[in-house]
Number of protein chains: 2
Amino acid sequence: DVGNNQNKDQSWSRSAAQEAELAASMDCSGHGRAYLDGIIIDGKPVCECNLCYSGPDCSNFSPDCPADANDGDPYYLEEFWKKHAASSAVMVSGWHRMSYSYSFSDQYCQISEELEKHIRKVHEVVGNAITDGKYIICGAGATQLLNAAVHALSSNNPSIFPTRVVATAPYYKVYQTQTEYFESNRYRFEGEASACMNGSDTTTNIIEFVTSPSNPEGQFKRPVLSGPNVKTIYDRAYYWPNFTPIPGPADEDLSIFTISKLTGHAGSRFGWALVKDKEVYERMTEYLNENTVGISKDTQLRMLKILKVVLEDGSKEMFGFAHRIMKNRWERLRDVLAHSDRFSLQQTPAQYCTFTHGVREPTPAYAWLKCEKEEDENCSDVLRSANIIGRKGDLFNADNHYVRLSLIRTEDDFDNLINRLHKMVNTKPRVLDKEKDHAR
Amino acid sequence: DVGNNQNKDQSWSRSAAQEAELAASMDCSGHGRAYLDGIIIDGKPVCECNLCYSGPDCSNFSPDCPADANDGDPYYLEEFWKKHAASSAVMVSGWHRMSYSYSFSDQYCQISEELEKHIRKVHEVVGNAITDGKYIICGAGATQLLNAAVHALSSNNPSIFPTRVVATAPYYKVYQTQTEYFESNRYRFEGEASACMNGSDTTTNIIEFVTSPSNPEGQFKRPVLSGPNVKTIYDRAYYWPNFTPIPGPADEDLSIFTISKLTGHAGSRFGWALVKDKEVYERMTEYLNENTVGISKDTQLRMLKILKVVLEDGSKEMFGFAHRIMKNRWERLRDVLAHSDRFSLQQTPAQYCTFTHGVREPTPAYAWLKCEKEEDENCSDVLRSANIIGRKGDLFNADNHYVRLSLIRTEDDFDNLINRLHKMVNTKPRVLDKEKDHAR
């Protein structure tokens, strides 16, 4: 009986609970938070303030501070997890899962059975991927799995080295930097997929990265290459109702997902791949074993709890919250740029969503802003002069008339971005009611 | 005030605490434990039993079950963490450290400042490494850091590719398998360090792995190579009072440590390197970023708490417990083999230990057992016929007259090993009082 156990045993967990409650109770003015492992002053963890805020309670705003819209740090869901504190907390005992393995009889069992079940369940409820007949392998974020997949899909036959790794611009730069960084005899990054299209060479193996929805544009993409010597790695990081309607379930040989964009827990370093072929799965597992001996069991415990919250109420709660945030940010962004000829945003058509049973517009994680004037050939500099930090086009192998703006950071970062864009385009934005859910 | 906060706020953490207490309260007869993320039956997590035990409460022993002494799964400290439940537990909130970084202003800040402080403190208290003037980089276990170090120390000048990676047998096989698995244009595993000794080639770069104390022997080792083109990676996984006297602090260009052998938390995948040279540190950091974008912040939070417990009472408590366990196991092992001509164990001389201020004998993590008979040329098979699973010599590039026996597994595994060795050598072991601390 839980009640009896509670009276008898709720002792060892008490001080850990108190410490966590203390950190959570620190007043940081809605512009920061104190962490359990932060610097301690006078017995209390200090507030860690959002960018542009400072002071012991984060109440000082620096008016000249730039609006940072550079990286995809997914703080946009922090408020959701604060609201769901009770169901998302997890108490880790000192003796939790000390082993290398989840199984005493199999030293290479690297994934929690319960976690795997919950991953399959989330895909089933959302309807964004078919997991039947697929293997699941976990990694330290999508990042580790991207290279594990390249390794696993490369030919190990030296006579046809190296496998060519390609993508279609604009693409996520890590495909290039990582593949080049770990360049082995077996594979080499070769840039644009289209360069491989008309070749008569059908013996060299090719791996094509396809991000769908894409980063930075947020659009559905298809591979441009096909054939018996072509393998595709689908990066499905953004294929969640947070960012896009779900037209139907992905059913691919190799798809990679990450918790970072789904729930915002980038710091946990957790991703997974769905893999159809047993041999590819085994080769990726070998990579994980040689690289890190699987991933942290502390992380897997926490991710299980987080996915349980995602699954509450048929998953309407978290995806509803995430979509409302993103929809509101897109409305504010479109509004502030509505009267500008100088800047344009990507077009993303509305589609039927099988998860929400209705047509809806995408709300991508990033704006792919274009400076329309010919002479604004470094759009990033144009924004920088207005004190806005974006990520320039050539970091996606694209034209520098484009800049990526991250829309998934803190509300403070987003507010700062909108204010600075507003100043720059010098029009008055329509006043929107911010969603109560994320108002501070 | 903590008390006030507690009354007001100890609400969101309650159900997580109750769940953990419930799992901890499951009766598994001292031969297993239930985990928070285990399979749930009738609302309760099931017991996960030690090898050779089964049943809902792990009370059924299988008499024919082999004694597993193969891998180094460090359950030997599980009992310690159960005894220190209150101080070692950690409550993770749903919004804990969602960012990629520990710092809003530096997107690549991958290590918790408090954790780094505590790592330096542990080394200072134990006296096993000088950390002043050294950089600290964290990895997913020593495993990730080994390859990060190889990458960082390899020349990036193609005219002198590849850097030769070597070690001295018997050595930890992962140096070879991992280096071969990730073989790039830049480095290649070439086996025995001694093969590089008499070469006149002083332009090719060489990386030598030195494990000290060594795995499998538990002896202090020195590099066999030196010179301007030689870099040494010191694997210091076993340089703790658990296993060895501490003659003095290591002060090396690159030393790698892991929590797995220090506190037994192998499942957390956490290790660190002390690095003298800034450029090497930066190159290892780049590796970590391209590979996994640093390591899990959930893990770092837990490791901070674990190191705080290690530091309690001048660190006498944990190191005392660990040493008593290992000493007891070595006494029982030596005792059972005392009257055998067929088997011998490695010699490890007593030394002065600056941590305990006295002379003491090493208590290595592994026995390096030798079958002394010429005809026992596969010692592993000899043990296998007595239902004992060890790791054969050639898995350390050594003679198969040797077998490594892991002494850091569960007490049940160790008891089974001793009983089977006893039967095999057919002598009656001296009865020792087992330490109360780890008696079950």
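Structural remarks
- Hits in region B:301-314 (condition: more than 10 Å from chain A (Cβ to nearest Cβ) and crowded, with 18+ Cβ neighbours inside 10 Å): B:307, B:310
- Residue A:180 vs. criteria within 14 Å of chain B (Cβ to nearest Cβ) and either surrounded by fewer than 20 Cβ atoms within 10 Å (Cβ to Cβ) or part of a strand (DSSP E or B) (or both): yes
- Leading residue by the ranking (nearest to the other protein chains (Cβ to nearest Cβ)) among those in region B:129-156 that are open to solvent by 10 Å² or more (accessible area, probe 1.4 Å) and part of a helix (DSSP H, G or I): B:143
- Failed item in (1) within 26 Å of residue B:85 (Cβ to Cβ); (2) surrounded by 24 or more Cβ atoms within 10 Å (Cβ to Cβ); (3) away from every other protein chain (no Cβ under 14 Å); (4) acidic (Asp, Glu), with residue B:298 passing the rest: (3)
- Of all residues in region B:334-382, exactly one satisfies the criterion of being touching a Gly at 6+ places or on another chain (Cβ under 6 Å) and open to solvent by 30 Å² or more (accessible area, probe 1.4 Å), namely B:354.
- Residue A:195 vs. criteria farther than 19 Å from residue A:261 by Cα, open to solvent by 10 Å² or more (accessible area, probe 1.4 Å) and part of a loop (DSSP other than H, G, I, E, B): no
- Residue that is part of a helix (DSSP H, G or I), in contact (Cβ under 8 Å) with a residue 40 or more places away in the chain and not hydrophobic (A, V, I, L, M, F, W, C), where the choices are B:282, B:331: B:331
- Candidates A:293, A:275: the one that is surrounded by fewer than 23 Cβ atoms within 10 Å (Cβ to Cβ), aliphatic (A, V, I, L, M) and more than 17 Å from the chain's Cα centre (by Cα) is A:293.
- Within region A:264-279, being in a loop (DSSP other than H, G, I, E, B) and facing chain B (nearest Cβ under 10 Å) holds for A:264, A:265, A:269, A:270.
- Checking A:182, A:209, A:161 one by one, the residue that is modelled with pLDDT under 95 and closer than 30 Å to residue A:115 by Cβ is A:182 and no other.
- Residues within region A:18-33 that are among the small types (Gly, Ala, Ser), more than 7 Å from chain B (Cβ to nearest Cβ) and touching a residue at least 24 places away in the same chain (Cβ under 8 Å), tallied: 3
- For region B:334-352, the set of residues classified as of a type outside the set (Val, Ile, Thr), in contact (Cβ under 8 Å) with a residue 40 or more places away in the chain and more than 23 Å from residue B:247 (Cβ to Cβ) consists of B:335, B:337, B:338, B:339, B:340, B:342, B:343, listed by residue number.
- Taking the listed residues B:227, B:248, the one that is open to solvent by less than 50 Å² (accessible area, probe 1.4 Å), over 22 Å from residue B:279 (Cα atoms), assigned to a loop (DSSP other than H, G, I, E, B) and not aromatic (Phe, Trp, Tyr) is B:248, with no other qualifying.
- Scanning region B:233-249 for residues that are out of contact with any helix residue (DSSP H, G or I) (no Cβ under 7 Å at 6 or more places or on another chain) and closer than 22 Å to residue B:206 by Cα returns B:234, B:236.
- Of A:190, A:217, A:183, all but one fail to be free of Cβ contacts under 8 Å to residues at least 40 places away in the same chain and in contact with a Phe, Trp or Tyr (Cβ under 8 Å, 6 or more places away or on another chain); the exception is A:183.
- Single condition residue A:105 does not satisfy, out of (1) facing chain B (nearest Cβ under 9 Å); (2) under 27 Å from the mean Cα position of the chain (by Cα); (3) small (Gly, Ala, Ser): (2)
- Qualifying residues in region B:164-177 (those that are part of a loop (DSSP other than H, G, I, E, B) and away from chain A (no Cβ under 14 Å)) - the one most open to solvent (accessible area, probe 1.4 Å): B:168
- From the options A:161, A:220, A:189, residue that is away from chain B (no Cβ under 14 Å), open to solvent by 10 Å² or more (accessible area, probe 1.4 Å) and aromatic (Phe, Trp, Tyr): A:220
- Scanning region A:396-419 for residues that are surrounded by fewer than 20 Cβ atoms within 10 Å (Cβ to Cβ) and assigned to a helix (DSSP H, G or I) returns A:415, A:418, A:419.
- Among the residues of region A:223-260, the ones that are in contact with a strand residue (DSSP E or B) (Cβ under 6 Å, 6 or more places away or on another chain) and charged (D, E, K, R) come to 4 in all.
- Within region B:115-128, considering residues that are open to solvent by less than 10 Å² (accessible area, probe 1.4 Å) and over 26 Å from residue A:26 (Cβ atoms), the one nearest to the other protein chains (Cβ to nearest Cβ): B:122
- Scan of region B:37-69 for residues that are more than 27 Å from the chain's Cα centre (by Cα) and in contact (Cβ under 8 Å) with a residue 40 or more places away in the chain, ordered by number: B:64
The values are calculated or read from the model by the stated rules, or taken from the named source; none is laboratory data. Note that the structure is a prediction, hence the values are computed from the model and not measured. Note that we place each Cβ from the backbone using ideal geometry, even for glycine, and neighbour counts take in every protein chain shown. The protein model used for the area step is the full one, side chains on, heavy atoms only, and it has no ligands, DNA or RNA in it. Shrake-Rupley method; radii C 1.70, N 1.55, O 1.52, S 1.80 Å.
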